There are 2 protein chains.
Amino acid sequence: MSEGRDSCIWLNGALLPARLARIDPSDRGLALGDGLFETIRVAGGVPQQVRHHLARLRRGAEQLGIIPPFDDAEILAAFTQTLAANALNDAVLRLTLTRGVGPRGVAPPADARPTLLITAAAWVAPSHALSAIICQSTRRNEFSPLVAIKSLNYLDNIIARREALRRGAEDAILLNTQGHVAEATAANLFLLKNGKWLTPPVTDGALPGVFRARALAGNAACEARISPDDLRAAEGLCFGNALSVLCVSRLDGQEIQTDPAAITELRAILDAKD
Amino acid sequence: MSEGRDSCIWLNGALLPARLARIDPSDRGLALGDGLFETIRVAGGVPQQVRHHLARLRRGAEQLGIIPPFDDAEILAAFTQTLAANALNDAVLRLTLTRGVGPRGVAPPADARPTLLITAAAWVAPSHALSAIICQSTRRNEFSPLVAIKSLNYLDNIIARREALRRGAEDAILLNTQGHVAEATAANLFLLKNGKWLTPPVTDGALPGVFRARALAGNAACEARISPDDLRAAEGLCFGNALSVLCVSRLDGQEIQTDPAAITELRAILDAKD
């Protein structure tokens, strides 16, 4: 459990022991997945890339018509409070924004008061190589504006991850409805081809990840459509998000050996400070 | 608000005043939309079609690997308790099942204890005719197994409903990624063509609705692929779910006059008791 017995949660302006933090059962975040989140790496007590994370949260909120009830300065102060209360230095912050409590039904209430929730967990360094499969049980919907925002609707990714575990792998690659590569279940995908890192465009169903944007801006990767055949012929393969860059050493049972220098190049982007 | 100041909620075996019912902020239903729900009409104190609703919930739970923590008899008893505690006779019950509390991350924890939540609201008869649009901002993903289960991932439907409201209508029709008609934002769609009610197949992205199944079983409707052109040429158009059959009197601004006898035929299916 990320929230231990004595952990603290920041909920709508109050720092509370986790056991006292209460989400209303009528919160639309629970009832309909009506909300957004961000996952933020904290290194040496400093939340990384907060400007990018908060900008993406606000873009998503605008798209859904949710007005965040706190400004960026208040949220940054809440991050500091939450980390201090949990005595965490190397950590992961999760910021969740929902439309708030509402009556039954799909239509958003005009007077909803959004819920803003911040939790913190200790940072656990992941193993640096993993096995993956190409997901067969579901597809990423590149026709939905949801691909471009980090919403609470994660069931397709959960279904893909469960398929991976069932098939003896650790993660899954989602294709879009046209069969092009979109992303992994919790990270963007980076394919090494002719010595260059390629990553699928948002129009093919890739979440515009914060790490991905930095890799593109830093010319460490460029956007390109990727097919399952490209994956099978990969010189190298990585999954990257705001927390880590993981090397995929096995895809659908076939070994992939990625040039360590190329991985180091991607990791350097992740490790560069704000 | 569906839950008034004095309403009662049934949560994991306990009947509680709504203000005391607490969802853990780490519940995966909130964090990732990792769960399911059912909406059940209660007429004269009797929940309608519970066998069908509970069967669909269990099919979805099996698909997601969530084990409901109560059996059908216990859930039926909980319905009765919840209705009595809220002094409701004509009502809507909502049953929500989530995977329960879990640590950070997409992978479902092996030891999750699912959350089962029952809320009740008074029945408010809807107006019997509404205006609709064909949604342009998102599509239903017929490639996902989620189309066949009633999951908590409702954001595409919320986006479609918001588009409808923005364009001066009350509801929206979602197309699938290939451009075929799938459903409305909270109901199945029924199109009158050559005097017969047609409804899209699940393979085109229609949720297998409880009312829809009864209409098909009773030969009041049959499955057929429906195009936007079919909608524009409709002799009649209705949205139907477990709560109501609503006539669509205007689509993208164009008037539709549905034969009242045909609507009566569909409503008779809805009104037939268990």
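Bear in mind that the values in this text are calculations on the coordinates, not laboratory data. Given the structure is predicted, the values throughout are model-derived calculations rather than measurements. Cβ coordinates were reconstructed from backbone atoms using ideal geometry, including for glycine residues, and neighbour counts include every protein chain displayed.
Per-structure values
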read-out	value
Normalised contact order of region B:1-77, rounded percent, pairs of Cα under 8 Å and 6 or more residues apart	15 percent
25 °C / 0.890 mPa s Stokes-Einstein diffusion coefficient of chain B, Kirkwood radius on C-alpha pairs, µm²/s	126 µm²/s
Protection proxy ranking of A:145-157, B:166-178 - average other beta-carbon atoms within 10 Å, highest first	A:145-157, B:166-178
Crossing angle, helix A:72-85 versus chain A [Cα axis fit, 0-90 degrees, rounded to tens]	90 degrees
Proximal lysines relative to residue B:196, as straight alpha-carbon distance under 19 Å, when same-chain residues fewer than 8 apart are discounted	none
By average C-beta atoms within 10 angstrom, highest first, the peptides A:229-236, B:214-221	B:214-221, A:229-236
Förster-model FRET efficiency, 41 Å R0, residue A:235 and residue A:51, C-beta, rounded to 0.05	0.75
Which of A:65, B:31, B:78, positive extreme of dipole for the protein assembly as shown (C-beta unit charges)	B:78
Inter-site label distance for residue B:166 and residue A:196 at 7 Å from Cα along Cβ, in nm	3.5 nm
Label-to-label distance, nm, for residues given as residue A:19 and residue B:265 (7 Å Cα→Cβ offset)	6.2 nm
Residue exposure sequence - A:143, A:190, A:70 - by fewest surrounding Cβ within 10 Å	A:70, A:143, A:190
Equivalent-ellipsoid semi-axes of region B:3-115, from the Cα gyration tensor, Å, largest first	25, 17, 10
For chain B, built as a Gaussian network whose Cα springs stay under 10 Å, the top-fluctuating residue of B:224, B:78, B:120	B:224
Net dipole in debye of chain A [+1 Lys, Arg Cβ; -1 Asp, Glu Cβ; about Cα centre; nearest 20]	340 debye
P(r) histogram, all alpha-carbon pairs of region B:122-240 included - 5 Å bins from 0, percent	2, 12, 23, 25, 22, 12, 4, 0
Normalised per residue, the volume of the convex hull around the Cα set of the protein assembly as shown (Å³)	140 Å³
Computed FRET value (nearest 0.05) for residue B:257 with residue B:136, which takes r as the C-beta separation and R₀ as 25 Å	0.50
Relative contact order (%) - criterion: Cα under 8 Å, at least six apart; region: chain A	17 percent
Spin-label pair residue A:213/residue B:123, simplified geometry with 7 Å Cα→Cβ offset, distance in nm	4.9 nm
Exercise: per-residue mean of other protein chain Cβ atoms within 10 Å, B:106-112	4
Residue B:76/residue B:110 FRET efficiency (R0 25 Å; Cβ-Cβ; nearest 0.05)	0.25
